[in-house]
Amino acid sequence: MSVEASVPNSAEAALRRDLAAAYRLVAHFKWDDLVATHISVRLPDENAFLINPFGMLFEEIRPGDLVKVDMDGTILSPTPWRVNKAGFVIHSAIHAARHDAQCVMHLHTADGIAVSMLEEGLLPLNQTAMLLANDIAFHEFEGIAVEMEERERLARDLGDKTIMFLRNHGTLALGPSIPEAFASMYFLETACTIQVRALSMGRPVHNAPDEAVQKVAAFRPNQGHDTAHSLIWPALLRKLDRLDPTWRD
């Protein structure tokens with residue numbers, strides 16, 4: 001992989017800031033997995049995306065640490081770090097196939113993995129899960145995702161959905177922006193945790209009427225963009241500034 005020096009333009013600088021924030025927030029919510037898992041953002045008007053430096057904890061990542069890589073795996077920004085091969089395979093597959101996916105998030109949380117192992121996946125048992133009810137895909141486990149040939153199958157299995165369970169592996173969410181992808185992942189991880197807790201009680205589960213499930217599912221596409229951008233994301237950035245304002249450096 002070769003490196004060529006470059007100075008981020010204003011659009012890239014803004015995306016670097018928001019992506020660094022997403023990594024810090026994943027660490028804050030304890031969704032990180034040591035140095036594993038990844039979040040990426042595709043750069044406008046470039047056949048390239050930003051992703052984390054492999055080996056850096058999410059709580060350490062700053063905008064300038066993020067690595068720019070093209071769809072062939074060539075590193076395009078000065079960095080002493082390398083990119084996780086599995087991260088490159090998964091994220092390049094989705095960015096190449098889904099041009100509406102500016103941001104892609106993949107996690108290995110205990111509850112997300114647990115639900116990925118259930119044959120039925122996520123059940124619409126609560127309001128948060130119902131938001132995602134019609135937007136879930138599944139990708140069969142093929143081993144650690146380091147084979148380039150898996151990219152075609154990842155894209156095929158995702159189809160037009162924005163949520164995917166990587167079977168026996170973890171969760172994935174994408175969106176047309178970082179705020180929207182992060183909000184979707186928050187709903188997904190919260191729904192998984194609620195499901196794990198509910199099923200662990202060993203009591204009969206009450207199913208909501210299908211009409212109500214569909215009513216909730218229809219809410220997210222209509223309201224998700226404005227809620228993520230104008231309410232959720234600014235609030236989360238304020239939280240980060242209170243926790244550690246150096247994340248912006």
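The values are calculated or read from the model by the stated rules, or taken from the named source; none is laboratory data. Small disclaimer: the values here were computed from a predicted structure and weren't measured. Here the Cβ positions follow ideal geometry from the backbone for every residue, glycine too, while neighbour counts run over all protein chains shown. Protein only, heavy atoms only, side chains kept; ligands, DNA and RNA dropped before computing areas. Shrake-Rupley method; radii C 1.70, N 1.55, O 1.52, S 1.80 Å.
Restricting Ala191, Ala198 to residues that are modelled with pLDDT of 95 or more, open to solvent by less than 40 Å² (accessible area, probe 1.4 Å) and over 21 Å from the mean Cα position of the chain (by Cα) narrows the list to Ala198.
His225 falls short on exactly one of the conditions (1) part of a helix (DSSP H, G or I); (2) open to solvent by 50 Å² or more (accessible area, probe 1.4 Å); (3) more than 24 Å from Ala96 (Cβ to Cβ); (4) in contact with a helix residue (DSSP H, G or I) (Cβ under 8 Å, 6 or more places away or on another chain), and that condition is (3).
Candidates His139, His108, His95: the one that is touching a Phe, Trp or Tyr at 6+ places or on another chain (Cβ under 6 Å) and either over 21 Å from Arg220 (Cβ atoms) or of a type in the set (A, V, I, L, M) (or both) is His95. Here Phe165 clears all of (1) assigned to a helix (DSSP H, G or I); (2) closer than 21 Å to Val115 by Cα; (3) hydrophobic (A, V, I, L, M, F, W, C) except the condition numbered (1). Summed over the range 129-157, residues that are touching a residue at least 24 places away in the same chain (Cβ under 8 Å) and in contact with a His (Cβ under 7 Å, 6 or more places away or on another chain) total 2. Residues in the range 168-188 that are in a strand (DSSP E or B) and of a type in the set (A, V, I, L, M, F, W, C) were compared, and the one that is surrounded by the fewest Cβ atoms within 10 Å (Cβ to Cβ) is Leu174. Does Glu180 meet the test of being within 26 Å of Leu57 (Cα to Cα), acidic (Asp, Glu) and touching a strand residue (DSSP E or B) at 6+ places or on another chain (Cβ under 9 Å)? It is true that Glu180 is within 26 Å of Leu57 (Cα to Cα), acidic (Asp, Glu) and touching a strand residue (DSSP E or B) at 6+ places or on another chain (Cβ under 9 Å). Here Met164 passes the criteria (1) crowded, with 23+ Cβ neighbours inside 10 Å; (2) touching a residue at least 40 places away in the same chain (Cβ under 8 Å) except the one numbered (2).
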